[in-house]
1. Give the residue, chosen from Asp102, Asp83, Asp61, that is farther than 25 Å from Leu2 by Cα, touching a Lys or Arg at 6+ places or on another chain (Cβ under 6 Å) and at pLDDT 95 or above.
2. When the residues of region 224-268 are narrowed to those that are of a type in the set (Asp, Glu) and either in contact (Cβ under 8 Å) with a residue 40 or more places away in the chain or in contact with a Pro (Cβ under 7 Å, 6 or more places away or on another chain) (or both), which ends up nearest to Gly28 (Cα to Cα)?
3. Just to be sure, is Met104 touching a residue at least 12 places away in the same chain (Cβ under 8 Å), assigned to a helix (DSSP H, G or I), under 21 Å from Leu286 (Cβ atoms) and of a type outside the set (Gly, Ala, Ser)?
4. Which one is farthest from the chain's Cα centre (by Cα) among residues in region 90-101 that are hydrophobic (A, V, I, L, M, F, W, C) and either under 21 Å from Arg37 (Cβ atoms) or part of a loop (DSSP other than H, G, I, E, B) (or both)?
5. Can you list the strands (runs of 3 or more DSSP E) found entirely within region 29-89 that contain at least 3 residues being surrounded by fewer than 24 Cβ atoms within 10 Å (Cβ to Cβ)?
6. Can you pull out every residue in region 215-247 that is assigned to a helix (DSSP H, G or I), surrounded by fewer than 13 Cβ atoms within 10 Å (Cβ to Cβ) and of a type in the set (A, V, I, L, M, F, W, C)?
7. Exactly one of (1) surrounded by 16 or more Cβ atoms within 10 Å (Cβ to Cβ); (2) in a helix (DSSP H, G or I); (3) not aliphatic (A, V, I, L, M) is unmet by Thr250. Its number?
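The values are calculated or read from the model by the stated rules, or taken from the named source; none is laboratory data. Just so we're clear, the structure is a prediction, and the values are computed from it rather than from any experiment. For neighbour counting, all protein chains shown are included, and Cβ atoms are generated from backbone atoms with ideal geometry for every residue, glycine included.
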Amino acid sequence: MLKKKVAVITGASSGIGSALALLLAREGASVVLAARRADRLRGLEATLRAEGHEALAHRCDVTRRGEAEELIARALSAYGRLDILVNNAGRGNFASVEDTTDEMIRTMFEVNVYPLWYTTRPALRQMRSQGSGHIINVASIAGKIGFAYNSAYVAAKHACVGFTHALRLELLETGIHASVVCPAGVLTDWAASTEGGPILEMFSQSAPVITRIAAERGIPLPPVEGVLPPETVAKAILDCIRHPVAEVYTHRGSREFALLAAGEREAAEQRQLPAALGEREIYARLRRK
(Lines give C-alpha, C1' and ligand atoms only; values in the text may rest on other atoms or scores of the structure.)
Protein backbone atom coordinates (compact mmCIF):
# COMPACT_ATOMS: atom_id res chain seq x y z
CA MET A 1 0.00 0.00 0.00
CA LEU A 2 3.00 2.34 0.28
CA LYS A 3 4.25 2.03 -3.29
CA LYS A 4 4.47 5.45 -4.94
CA LYS A 5 3.83 7.13 -1.57
CA VAL A 6 6.20 9.88 -0.47
CA ALA A 7 7.31 10.23 3.17
CA VAL A 8 9.29 13.02 4.82
CA ILE A 9 11.00 12.05 8.09
CA THR A 10 12.74 14.54 10.35
CA GLY A 11 15.38 13.33 12.79
CA ALA A 12 16.15 10.59 10.28
CA SER A 13 19.89 10.30 10.90
CA SER A 14 19.54 7.82 13.80
CA GLY A 15 17.19 6.09 16.21
CA ILE A 16 13.48 5.91 15.45
CA GLY A 17 13.75 8.11 12.36
CA SER A 18 16.43 5.98 10.72
CA ALA A 19 14.63 2.72 11.57
CA LEU A 20 11.36 4.05 10.18
CA ALA A 21 13.02 5.25 6.97
CA LEU A 22 14.33 1.73 6.36
CA LEU A 23 10.89 0.21 6.93
CA LEU A 24 9.03 2.68 4.72
CA ALA A 25 11.55 2.42 1.88
CA ARG A 26 11.40 -1.37 1.99
CA GLU A 27 7.60 -1.10 1.79
CA GLY A 28 7.97 0.83 -1.48
CA ALA A 29 7.73 4.44 -0.31
CA SER A 30 10.02 7.21 -1.52
CA VAL A 31 11.64 8.65 1.60
CA VAL A 32 13.02 12.14 2.15
CA LEU A 33 15.51 12.01 5.01
CA ALA A 34 16.00 15.16 7.07
CA ALA A 35 18.39 15.88 9.94
CA ARG A 36 21.33 18.09 10.82
CA ARG A 37 23.99 15.37 10.57
CA ALA A 38 24.60 15.29 6.82
CA ASP A 39 27.17 12.48 6.95
CA ARG A 40 24.75 10.08 8.62
CA LEU A 41 21.97 11.06 6.25
CA ARG A 42 24.16 10.40 3.22
CA GLY A 43 25.10 7.01 4.65
CA LEU A 44 21.44 6.04 5.11
CA GLU A 45 20.58 7.37 1.65
CA ALA A 46 23.38 5.27 0.13
CA THR A 47 22.20 2.16 1.99
CA LEU A 48 18.64 2.55 0.71
CA ARG A 49 19.67 3.30 -2.84
CA ALA A 50 22.01 0.30 -2.85
CA GLU A 51 18.96 -1.83 -2.00
CA GLY A 52 17.11 -0.32 -4.97
CA HIS A 53 14.89 2.06 -2.99
CA GLU A 54 14.07 5.70 -3.66
CA ALA A 55 15.66 7.98 -1.06
CA LEU A 56 16.69 11.61 -0.85
CA ALA A 57 18.88 13.06 1.90
CA HIS A 58 18.29 16.70 2.79
CA ARG A 59 20.41 18.33 5.47
CA CYS A 60 18.02 20.46 7.51
CA ASP A 61 17.71 22.18 10.89
CA VAL A 62 13.97 22.15 11.54
CA THR A 63 14.31 24.71 14.33
CA ARG A 64 14.80 27.23 11.49
CA ARG A 65 11.47 27.92 9.82
CA GLY A 66 12.98 28.64 6.41
CA GLU A 67 14.92 25.37 6.37
CA ALA A 68 11.86 23.38 7.47
CA GLU A 69 9.75 24.93 4.73
CA GLU A 70 12.51 24.28 2.20
CA LEU A 71 12.47 20.60 3.24
CA ILE A 72 8.82 20.27 2.23
CA ALA A 73 9.46 22.21 -0.98
CA ARG A 74 12.38 19.91 -1.83
CA ALA A 75 10.22 16.82 -1.36
CA LEU A 76 7.50 18.24 -3.61
CA SER A 77 10.03 19.28 -6.24
CA ALA A 78 11.56 15.81 -6.30
CA TYR A 79 8.40 13.68 -6.13
CA GLY A 80 5.40 15.93 -6.83
CA ARG A 81 3.38 14.83 -3.82
CA LEU A 82 3.57 14.27 -0.06
CA ASP A 83 1.70 11.46 1.68
CA ILE A 84 3.38 11.04 5.06
CA LEU A 85 5.09 13.61 7.28
CA VAL A 86 6.81 12.26 10.38
CA ASN A 87 7.86 14.99 12.81
CA ASN A 88 10.40 12.97 14.74
CA ALA A 89 13.26 15.39 15.49
CA GLY A 90 13.63 16.07 19.20
CA ARG A 91 15.91 16.35 22.19
CA GLY A 92 15.58 16.17 25.99
CA ASN A 93 16.96 18.04 28.98
CA PHE A 94 18.29 17.11 32.41
CA ALA A 95 17.73 19.61 35.21
CA SER A 96 15.49 20.25 38.17
CA VAL A 97 12.98 23.05 37.79
CA GLU A 98 15.27 25.34 39.79
CA ASP A 99 18.26 24.45 37.61
CA THR A 100 16.41 24.76 34.29
CA THR A 101 17.76 27.82 32.53
CA ASP A 102 15.86 30.15 30.22
CA GLU A 103 18.05 28.83 27.42
CA MET A 104 16.94 25.24 28.11
CA ILE A 105 13.29 26.24 28.07
CA ARG A 106 13.75 28.05 24.79
CA THR A 107 15.70 25.31 23.05
CA MET A 108 13.35 22.55 24.24
CA PHE A 109 10.43 24.30 22.58
CA GLU A 110 12.48 25.32 19.54
CA VAL A 111 13.33 21.71 18.69
CA ASN A 112 10.32 19.79 20.05
CA VAL A 113 7.39 22.16 19.42
CA TYR A 114 7.90 25.00 16.93
CA PRO A 115 8.89 22.72 14.01
CA LEU A 116 5.46 21.07 14.24
CA TRP A 117 4.07 24.23 12.67
CA TYR A 118 7.07 24.86 10.41
CA THR A 119 6.69 21.54 8.57
CA THR A 120 2.97 20.86 8.98
CA ARG A 121 1.74 24.16 7.50
CA PRO A 122 3.36 23.68 4.07
CA ALA A 123 2.69 19.94 4.13
CA LEU A 124 -1.02 20.52 4.71
CA ARG A 125 -1.31 22.77 1.67
CA GLN A 126 -0.18 19.86 -0.50
CA MET A 127 -2.19 17.22 1.36
CA ARG A 128 -5.37 19.28 1.10
CA SER A 129 -4.92 19.57 -2.65
CA GLN A 130 -4.46 15.78 -2.82
CA GLY A 131 -7.34 15.10 -0.44
CA SER A 132 -5.16 12.68 1.50
CA GLY A 133 -2.15 12.44 3.78
CA HIS A 134 -0.95 11.49 7.24
CA ILE A 135 0.93 13.65 9.73
CA ILE A 136 2.64 11.71 12.52
CA ASN A 137 4.17 13.53 15.48
CA VAL A 138 6.57 11.60 17.68
CA ALA A 139 6.02 12.81 21.25
CA SER A 140 6.78 10.62 24.27
CA ILE A 141 5.03 9.05 27.23
CA ALA A 142 6.38 12.26 28.81
CA GLY A 143 3.67 13.98 26.80
CA LYS A 144 1.08 12.19 28.95
CA ILE A 145 2.80 11.77 32.34
CA GLY A 146 5.11 13.98 34.40
CA PHE A 147 8.71 12.95 35.06
CA ALA A 148 11.18 14.61 37.41
CA TYR A 149 14.33 16.44 36.30
CA ASN A 150 13.34 17.08 32.69
CA SER A 151 10.41 19.46 33.10
CA ALA A 152 11.15 21.50 29.96
CA TYR A 153 11.09 18.36 27.84
CA VAL A 154 7.93 17.09 29.56
CA ALA A 155 6.21 20.43 28.92
CA ALA A 156 7.30 20.41 25.28
CA LYS A 157 6.02 16.88 24.68
CA HIS A 158 2.70 17.73 26.34
CA ALA A 159 2.53 20.57 23.81
CA CYS A 160 3.18 18.09 20.99
CA VAL A 161 0.29 15.92 22.15
CA GLY A 162 -2.01 18.93 22.41
CA PHE A 163 -0.98 20.19 18.98
CA THR A 164 -1.89 16.83 17.44
CA HIS A 165 -5.29 16.69 19.15
CA ALA A 166 -6.14 20.18 17.86
CA LEU A 167 -4.90 19.30 14.38
CA ARG A 168 -7.07 16.20 14.28
CA LEU A 169 -10.20 18.27 14.87
CA GLU A 170 -9.28 20.59 12.01
CA LEU A 171 -8.80 17.60 9.71
CA LEU A 172 -11.98 15.65 10.45
CA GLU A 173 -13.54 14.32 7.23
CA THR A 174 -10.80 15.79 5.02
CA GLY A 175 -9.09 12.50 4.18
CA ILE A 176 -5.99 13.63 6.10
CA HIS A 177 -5.00 11.83 9.30
CA ALA A 178 -2.98 13.04 12.27
CA SER A 179 -1.47 10.78 14.94
CA VAL A 180 0.78 11.22 17.95
CA VAL A 181 3.26 8.55 19.05
CA CYS A 182 4.08 8.22 22.76
CA PRO A 183 7.05 5.89 23.31
CA ALA A 184 8.59 5.16 26.70
CA GLY A 185 12.28 4.21 26.88
CA VAL A 186 13.95 3.59 23.50
CA LEU A 187 17.50 2.38 22.91
CA THR A 188 18.85 5.53 21.21
CA ASP A 189 21.38 8.22 22.09
CA TRP A 190 18.60 10.42 23.53
CA ALA A 191 19.59 9.91 27.19
CA ALA A 192 23.26 10.53 26.44
CA SER A 193 22.67 13.84 24.64
CA THR A 194 20.22 15.69 26.90
CA GLU A 195 20.85 19.37 27.55
CA GLY A 196 22.21 20.00 31.03
CA GLY A 197 24.31 16.85 30.84
CA PRO A 198 23.48 13.20 30.08
CA ILE A 199 20.45 11.99 32.01
CA LEU A 200 21.64 8.43 31.36
CA GLU A 201 23.92 8.54 34.41
CA MET A 202 20.98 9.34 36.69
CA PHE A 203 18.91 6.56 35.15
CA SER A 204 21.64 3.96 35.64
CA GLN A 205 22.56 5.00 39.19
CA SER A 206 19.00 5.44 40.42
CA ALA A 207 17.66 2.06 39.23
CA PRO A 208 18.81 0.01 42.27
CA VAL A 209 17.81 2.82 44.65
CA ILE A 210 14.31 2.92 43.14
CA THR A 211 13.99 -0.85 43.45
CA ARG A 212 15.05 -0.70 47.12
CA ILE A 213 12.62 2.10 48.00
CA ALA A 214 9.75 0.31 46.22
CA ALA A 215 10.47 -2.87 48.21
CA GLU A 216 10.81 -1.03 51.52
CA ARG A 217 7.53 0.82 51.07
CA GLY A 218 5.62 -1.99 49.37
CA ILE A 219 4.82 0.14 46.34
CA PRO A 220 4.51 -1.66 43.00
CA LEU A 221 6.33 0.21 40.24
CA PRO A 222 4.41 1.34 37.14
CA PRO A 223 3.92 -1.72 34.90
CA VAL A 224 5.43 -0.08 31.82
CA GLU A 225 7.61 -2.17 29.52
CA GLY A 226 11.35 -1.47 29.63
CA VAL A 227 13.65 -0.03 27.00
CA LEU A 228 12.85 -1.14 23.44
CA PRO A 229 14.94 -1.00 20.25
CA PRO A 230 13.99 1.78 17.80
CA GLU A 231 12.97 -0.83 15.24
CA THR A 232 10.07 -1.91 17.49
CA VAL A 233 8.81 1.67 17.72
CA ALA A 234 9.22 2.10 13.97
CA LYS A 235 7.06 -0.98 13.37
CA ALA A 236 4.33 0.48 15.58
CA ILE A 237 4.43 3.68 13.50
CA LEU A 238 4.22 1.64 10.31
CA ASP A 239 1.12 -0.10 11.69
CA CYS A 240 -0.37 3.34 12.39
CA ILE A 241 0.30 4.41 8.80
CA ARG A 242 -1.52 1.31 7.58
CA HIS A 243 -4.36 1.68 10.08
CA PRO A 244 -4.46 5.29 11.35
CA VAL A 245 -5.28 5.89 15.02
CA ALA A 246 -5.18 9.01 17.20
CA GLU A 247 -2.50 7.86 19.65
CA VAL A 248 0.18 5.17 19.45
CA TYR A 249 1.56 3.62 22.64
CA THR A 250 4.58 1.50 21.82
CA HIS A 251 5.33 -0.04 25.24
CA ARG A 252 3.14 -2.54 27.05
CA GLY A 253 1.44 -0.96 30.04
CA SER A 254 2.07 2.64 28.96
CA ARG A 255 -1.45 3.32 27.70
CA GLU A 256 -2.96 2.00 30.91
CA PHE A 257 -0.62 4.07 33.07
CA ALA A 258 -1.31 7.21 31.01
CA LEU A 259 -5.03 6.66 31.51
CA LEU A 260 -4.49 6.23 35.25
CA ALA A 261 -2.52 9.48 35.37
CA ALA A 262 -5.21 11.32 33.42
CA GLY A 263 -8.03 10.11 35.68
CA GLU A 264 -6.36 9.61 39.04
CA ARG A 265 -3.22 11.73 39.12
CA GLU A 266 -2.49 11.15 42.81
CA ALA A 267 -2.72 7.36 42.38
CA ALA A 268 -0.27 7.49 39.48
CA GLU A 269 2.10 9.69 41.47
CA GLN A 270 2.04 7.17 44.31
CA ARG A 271 3.24 4.51 41.86
CA GLN A 272 5.97 6.94 40.72
CA LEU A 273 7.04 7.80 44.29
CA PRO A 274 10.00 5.35 44.46
CA ALA A 275 11.33 6.77 41.17
CA ALA A 276 10.88 10.35 42.34
CA LEU A 277 12.68 9.69 45.64
CA GLY A 278 15.44 7.57 44.10
CA GLU A 279 16.13 10.08 41.35
CA ARG A 280 16.09 12.94 43.87
CA GLU A 281 18.86 11.20 45.81
CA ILE A 282 20.98 10.58 42.72
CA TYR A 283 20.35 14.05 41.28
CA ALA A 284 21.65 15.65 44.47
CA ARG A 285 24.70 13.38 44.38
CA LEU A 286 25.44 14.21 40.75
CA ARG A 287 25.03 17.93 41.40
CA ARG A 288 27.51 17.76 44.29
CA LYS A 289 29.99 16.10 41.94
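1. It is Asp61.
2. Among them, the one singled out is Glu231.
3. Spelling it out, Met104 is indeed touching a residue at least 12 places away in the same chain (Cβ under 8 Å), assigned to a helix (DSSP H, G or I), under 21 Å from Leu286 (Cβ atoms) and of a type outside the set (Gly, Ala, Ser).
4. Among them, the one singled out is Val97.
5. 55-59
6. Correct list: Ala215 only.
7. Answer for Thr250: the failing condition is (2).
Residue-by-condition table, conditions (1) within 14 Å of Leu238 (Cα to Cα); (2) among the β-branched types (Val, Ile, Thr):
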{"position": "Lys4", "(1), (2)": "no, no"}
{"position": "Ile9", "(1), (2)": "yes, yes"}
{"position": "Leu22", "(1), (2)": "yes, no"}
{"position": "Gly52", "(1), (2)": "no, no"}
{"position": "Arg59", "(1), (2)": "no, no"}
{"position": "Thr63", "(1), (2)": "no, yes"}
{"position": "Leu82", "(1), (2)": "no, no"}
{"position": "Leu85", "(1), (2)": "yes, no"}
